[in-house]
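Accompanying notes for the structure given below.
The values are calculated or read from the model by the stated rules, or taken from the named source; none is laboratory data. All of these numbers come straight from a predicted model, not from anything done at the bench. In this analysis, Cβ positions are derived from the backbone assuming ideal geometry, glycine residues included, and neighbour counts consider all displayed protein chains. In case anyone asks, the SASA skips ligands and DNA or RNA and just uses the protein heavy atoms, side chains included. Shrake-Rupley method; radii C 1.70, N 1.55, O 1.52, S 1.80 Å.
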Amino acid sequence: MFEGFPHIISAKQFSREWLENKFFPLTDEMQAVFDSGGCEVLKGKRMVSLFYQPSTRTRMSFEMAMDYLGGKVVFSSENARESSSAEKGETLRDTLMVVNRYKPDVLVIRYDRSLDASLVASASRAPVLNAGDREPGEHPTQALLEARTILKRRGAIDGLKIAIVGDLKNSRTVRSLCYILGMFKNIQIYFVSPTDIKIKDDVKEYLHKNNVAFEESTDLRTVAPKVDAVYQTRTQKECGGSIDRKDHNLGYFLVDKELAESMKPDAIIMHPLPREDEITLDVDSDSRSVYLTDQIDNGVFARMTLLKMILS
Amino acid sequence: MFEGFPHIISAKQFSREWLENKFFPLTDEMQAVFDSGGCEVLKGKRMVSLFYQPSTRTRMSFEMAMDYLGGKVVFSSENARESSSAEKGETLRDTLMVVNRYKPDVLVIRYDRSLDASLVASASRAPVLNAGDREPGEHPTQALLEARTILKRRGAIDGLKIAIVGDLKNSRTVRSLCYILGMFKNIQIYFVSPTDIKIKDDVKEYLHKNNVAFEESTDLRTVAPKVDAVYQTRTQKECGGSIDRKDHNLGYFLVDKELAESMKPDAIIMHPLPREDEITLDVDSDSRSVYLTDQIDNGVFARMTLLKMILS
Amino acid sequence: MFEGFPHIISAKQFSREWLENKFFPLTDEMQAVFDSGGCEVLKGKRMVSLFYQPSTRTRMSFEMAMDYLGGKVVFSSENARESSSAEKGETLRDTLMVVNRYKPDVLVIRYDRSLDASLVASASRAPVLNAGDREPGEHPTQALLEARTILKRRGAIDGLKIAIVGDLKNSRTVRSLCYILGMFKNIQIYFVSPTDIKIKDDVKEYLHKNNVAFEESTDLRTVAPKVDAVYQTRTQKECGGSIDRKDHNLGYFLVDKELAESMKPDAIIMHPLPREDEITLDVDSDSRSVYLTDQIDNGVFARMTLLKMILS
């Protein structure tokens with residue numbers, strides 16, 4: 001699919017052309033397949049999913065996508081770090097080489113360290129789909145579902161004004177989303193975070209090179225009325241960060257009903273989930289909220305699309 | 001199935017009429033299906049099971065029931081609390097809403113807090129089957145299997161004299177069983193427990209309202225000769241309780257060969273499992289013991305029955 | 001299969017005659033089935049796998065074997081100790097009796113204590129396959145894959161000179177391998193380990209009775225040039241052992257490029273995995289290394305063979 005590299009490790013591997021000519025059109029087809037209850041196009045194909053970090057939601061989305069295409073999850077581990085040879089010191093490379101001997105058709109891996117592309121390429125014949133890694137961390141399939149959510153809700157990605165809020169330093173979904181946004185035109189990003197967990201320099205450099213305008217802020221209230229989308233994220237507690245959403249010193253990072261009312265009528269409210277307290281429950285029923293609906297749906301459609309591209 | 005509420009959260013939802021006219025007859029059919037090796041009536045149906053508390057036995061019983069009917073467990077988590085977004089703070093409501101987007105046909109959930117019926121109703125279109133919750137805690141499918149075990153072994157539930165023994169304060173299976181017993185006539189319950197973990201007042205009130213006679217005791221030896229069934233339970237160590245089964249101050253709560261010999265020849269010995277030391281191993285081969293046989297079998301049959309009712 | 005005892009608990013159950021007349025020939029067939037993408041011979045058969053100790057690799061090998069034969073893994077627990085009734089005190093016997101009521105066709109169990117053969121025989125009608133137990137610990141299916149690896153690479157097992165290296169006191173794979181080697185002729189074993197974790201006396205007695213010559217050493221460098229196979233093992237950290245591979249006091253236990261160069265051109269380098277640092281990465285590409293290739297392949301073939309023998 002990607003010039004002889006069958007794995008999906010980083011959102012940087014995508015391109016505007018691929019998204020518009022291949023990914024988005026096929027995703028429409030996959031939505032129709034899902035709505036019809038599934039198909040059998042991947043019958044006989046084998047998926048292995050290895051999660052070294054907990055994620056019921058992402059694992060379910062991948063495994064559901066496989067099921068809706070008629071493929072089979074022949075092996076699944078929800079806690080590969082604690083409950084596998086990993087705890088005895090096995091390296092990712094050994095694991096990839098071993099799993100490949102079983103001739104799976106695709107591997108889905110969530111990893112608590114970095115999924116190094118050259119290591120993956122050297123150790124795995126089967127396509128590896130990055131279901132979230134760390135340091136710095138990417139989540140490329142999440143970025144795909146977000147791109148489709150924006151496209152379907154807004155009609156286009158070009159020209160988007162988006163506030164990206166939260167622990168921007170440690171968020172892998174933010175990083176992958178930024179890589180995708182850099183492929184479009186006239187994007188304006190407002191990064192809203194406490195100063196100690198703001199977006200990293202290498203992401204800024206990427207955006208700069210790709211002509212994406214961005215500003216940094218600590219007050220979501222001044223930004224919200226200007227944007228087409230608020231992309232809220234949770235505090236990444238496992239990474240040590242922690243946010244008081246309305247702290248006088250840190251800034252203002254809460255999406256509640258009052259903040260939502262300050263937003264444009266056709267703006268959307270996004271969140272990669274899971275949510276803590278950063279979006280209040282009374283915002284869920286707002287028709288502009290897409291985190292419990294469109295984003296989940298597009299997650300399955302996007303993963304079905306990738307599986308179909310890779311396996312059939 | 002239950003007046004527009006498709007979920008099974010509490011044993012209170014059942015009724016004598018439903019048990020006798022619908023549940024028990026269909027369970028006989030399901031037993032025949034199981035004995036014949038299974039069928040395909042639920043082919044194409046999708047179950048998701050999420051266990052926030054450990055239970056190999058209950059998860060296996062539900063998943064086996066689905067398999068024997070030809071349905072598919074498309075996703076299973078045995079440790080959703082530790083290995084899911086739950087640990088990052090996601091609420092049950094968010095989880096239910098997300099899972100429902102994948103269009104499962106039924107959800108099986110074991111939860112370490114309370115499965116609130118109105119929350120479930122508001123968040124899940126797919127029927128939710130409570131596989132055990134907490135505070136106060138119910139286990140409605142367990143109560144169904146116990147009702148069928150009593151019926152098949154004793155010929156009737158009406159008129160039953162039963163000793164219910166152990167940590168009655170914290171047992172979810174005892175609570176659900178009491179709710180079912182309250183639907184029958186001339187029931188006499190002997191609650192046998194240390195005084196600090198005796199049956200809670202709200203259960204007593206329910207029994208009183210439903211004309212179930214009950215007594216409380218601390219000595220199983222004086223009760224055992226009188227009853228048609230001894231329902232022994234384990235000490236719920238995770239809830240802080242702990243029982244010395246033959247403590248001079250606490251009372252007597254052990255089922256051993258000597259106690260079994262004092263019981264009627266047609267009485268039965270029940271236990272929801274897992275067992276610790278509260279029934280000695282030499283009682284297992286007693287023909288009146290049903291905890292490793294009839295109760296396990298009826299567990300699969302009862303769950304097959306519910307799945308068939310709900311999904312076909 | 002084994003004189004009315006359908007379970008595979010110990011490598012001692014095998015015999016040279018069974019290996020040569022039944023196991024090895026059928027394994028050749030199973031390799032062809034695997035290479036062709038699988039078959040449906042076990043369609044409708046049900047496997048349950050219960051792992052009380054972590055092992056992604058071994059669990060995957062068994063479940064893949066079942067899948068390649070068209071059978072179904074109807075229930076799988078990757079952490080049965082922490083996430084099952086086991087933590088509430090349920091005994092293995094109760095678990096076996098309960099699982100058997102569900103009528104599985106085969107049980108795969110990894111257990112962190114001893115899988116007692118007579119207990120298994122009394123509690124399980126379904127064949128139980130020992131996927132690794134403890135105290136003293138065996139791993140009989142691992143020994144089978146190793147026997148086939150030696151046979152295919154060397155042409156014969158008779159006459160083998162093999163160095164077995166590492167924490168020999170606690171390794172279950174070493175124990176099972178020794179039992180198999182004892183069935184062949186003119187075997188010479190060199191046990192290489194620190195003196196505090198050397199091979200146990202009962203294994204030595206077994207080898208003595210079966211006319212296997214063996215020596216003990218603390219320096220792999222003096223042994224390596226003489227042998228047809230080096231069987232390296234990891235340090236069993238969970239058992240308290242720990243090895244400095246090049247400690248002046250303990251001895252020399254490292255397989256690196258230099259050591260490999262001292263070995264015969266047709267010798268092989270084996271390891272049951274997972275690996276820590278006891279074989280350096282530059283040895284992986286040596287054509288004599290079989291731990292990431294032949295041994296993994298033969299693991300699936302061996303388990304397919306057993307499943308086919310037992311279930312069809």
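A compact table of results
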| item | result |
| --- | --- |
| Minimum 50 Å² accessible area buried by the other protein chains, segment B:41-61 residues, probe 1.4 Å, relative to alone | B:R46, B:P54, B:T56, B:R57, B:M60 |
| Candidates A:N249, A:N211, A:N79: whichever shows maximal mean-square fluctuation once chain A is modelled as a Gaussian network with Cα springs under 10 Å | A:N249 |
| Cα-Cα over 25 Å, subset of A:K45/C:K45; C:K12/C:K264; A:K209/A:K264; A:K72/A:K308 | C:K12/C:K264; A:K209/A:K264 |
| Degrees, to the nearest 10: A:56-68 long Cα axis against longest axis of chain A | 50 |
| Cα point-scatterer Debye curve for segment B:1-75, base-10 log of I(q)/I(0) at q = 0.16 Å⁻¹ | -0.77 |
| Accessible surface of segment C:78-173 [probe 1.4 Å, protein heavy atoms]: carbon and sulfur percent | 46 |
| Chains B and A together, accessible area buried on both sides, 1.4 angstrom probe, square angstrom | 2700 |
| Lys, Arg +1 and Asp, Glu -1 on Cβ, resulting dipole of segment A:140-294 about Cα centre, debye, nearest 20 | 560 |
| Value of relative contact order over chain B, rounded to a whole percent, pairs C-alpha under 8 Å and six or more apart | 19 |
| Fluctuation leader among B:R46, B:R175, B:R110 - chain B, Gaussian network, Cα springs under 10 angstrom | B:R46 |
| Reduction of at least 20 Å² in accessible surface, 1.4 Å probe, comparing all protein chains with the chain by itself, residues of segment B:64-79 | B:M64, B:D67, B:Y68, B:K72, B:V74, B:F75, B:E78, B:N79 |
| Amide proton proximity set for A:S289, modelled H, under 5 Å, gap of 5+ | A:I269 |
| Accessible solvent surface per residue of the protein assembly as shown, calculated while the other protein chains remain in place, 1.4 angstrom probe, Å² | 35 |
| Of C:G155, C:G38, C:G251, the one that fluctuates the most in a GNM where chain C has Cα springs shorter than 10 Å | C:G155 |
| Cα gyration tensor shape of the protein assembly as shown, rounded if a/c is under 1.5, else prolate or oblate by comparing a/b with b/c | oblate |
| Built amide H within the under 5 Å cut-off of A:V73, gap 5+ | A:M47 |
| Relative contact order (percent, whole number), segment B:245-312, Cα cutoff 8 Å, 6+ residue spacing | 29 |
| Delta accessible area of at least 40 Å² on complex formation, residues of segment A:274-299, 1.4 Å probe, chain isolated as reference | A:P274, A:R275, A:L292, A:I296, A:D297 |
| Chain B, helix-only ellipticity at 222 nm - DSSP H runs n ≥ 4, -39,500 (n - 2.57), divided by all residues, nearest 500 | -10000 deg cm²/dmol |
| ³J(HN,Hα) computed for each position of segment B:146-153 - Karplus, 6.51 cos²θ - 1.76 cosθ + 1.60, integer Hz, glycine/proline x | 6, 4, 5, 4, 5, 4, 6, 7 |
| Using distinct alpha-carbon pairs, which all enter the 1/r mean, Kirkwood radius of chain C in Å | 19.9 |
| Local electrostatic count, A:E138, Cβ distance below 14 Å [Lys/Arg +1, Asp/Glu -1] | +1 |
| Label-to-label distance, nm, for residues given as A:D116 and C:K72 (7 Å Cα→Cβ offset) | 4.3 |
| Value of relative contact order over segment C:149-272, rounded to a whole percent, pairs C-alpha under 8 Å and six or more apart | 30 |
| Cα-based helix-to-principal-axis angle, A:294-311 vs chain A, degrees rounded to 10 | 30 |
| Rg(Cα) / (2.2 N^0.38 Å) computed for segment C:140-294, rounded to two decimals | 0.94 |
